[in-house]
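The values are calculated or read from the model by the stated rules, or taken from the named source; none is laboratory data. Treat the numbers as computed from the prediction; the structure is a model and nothing was measured. Here Cβ is always computed from backbone atoms with ideal geometry, including for glycine, and neighbour counts include all displayed protein chains.
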Amino acid sequence: MPDSTAPAGQGPRTRVRPYRYEDADEFAALARDSRALHHPWLFPPLTPEAYRDYASGVIEDPTKAGFLVCELTDGDTDGGPAGGGRIAGFININNIVRGGFLSGALGYGAFAHAAGRGLMGEGLRHVMRHAFGPLGLHRLEANIQPTNTASIALVRGAGFRHEGYSPDFLRIDGHWRDHERWAITADMVRDTAAGGLSDPSG
């Protein structure tokens, strides 16, 4: 099985790398600063202790692959001395199923300082290349609440197709929430224009 913890890639503006326990303080602080942006769709860990529990669940679970999208600064070609610039957001591939399915479910979020700047779009393309390359997956699916227009715009911009609508799909913040289903397959990526995912900045 390919190594799900391998770095997912680096482009002009971002480097995508696995979660680390030493990211706890930065991640939690950014999550606290982003509560207004995330509510009512997303509830990332707000304390270093909660982050370490959360990261452990991603790092140690073979059915998950989790990545932090880090913003590169001018002249930063190696991700910086700590292995990455400021964290812009996170992207997880959850519920990875092998065999005849070869599928994973995406979960992701941007932090407030990075929202609307295109960093997550570049980071998602890195993760897609990793999913359809080293991880050997065939399909990625994202389930998104209809009112979360920024999240829908992210996957639409990456080439995902709208596949349907699932009422009462997931319990979030005490309520069963409707979701739209968006997905992309390795075949769809191969069928795109020449270059496809080779240029994450495009």
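Summary table below
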{"read-out": "For Asn95: the one exception among (1) farther than 23 Å from Tyr21 by Cα; (2) of a type in the set (S, T, N, Q); (3) surrounded by fewer than 18 Cβ atoms within 10 Å (Cβ to Cβ); (4) modelled with pLDDT of 95 or more", "value": "(1)"}
{"read-out": "Residue within the stretch 46-67 that is of a type in the set (Val, Ile, Thr), at pLDDT 95 or above, within 20 Å of Asp173 (Cβ to Cβ) and in a loop (DSSP other than H, G, I, E, B) present", "value": "yes"}
{"read-out": "Qualifying positions in the stretch 8-45 - at negative phi, crowded, with 20+ Cβ neighbours inside 10 Å, modelled with pLDDT under 95 and among the small types (Gly, Ala, Ser)", "value": "Ala8"}
{"read-out": "Residue pairs meeting the criteria (Cβ under 8 Å; at least 6 apart or on separate chains; first in contact (Cβ under 8 Å) with a residue 12 or more places away in the chain and on the phi < 0 side of the Ramachandran plot, in the stretch 167-179; second hydroxyl-bearing (Ser, Thr, Tyr) and assigned to a strand (DSSP E or B))", "value": "Asp178/Tyr165; Asp178/Ser166; His179/Tyr165; His179/Ser166"}
{"read-out": "Where a residue in the stretch 47-68 is within 13 Å of Asn94 (Cβ to Cβ) and its partner, wherever it lies, is of a type in the set (D, E, K, R) and surrounded by 15 or more Cβ atoms within 10 Å (Cβ to Cβ), with Cβ under 6 Å and at least six apart", "value": "Val58/Lys64"}
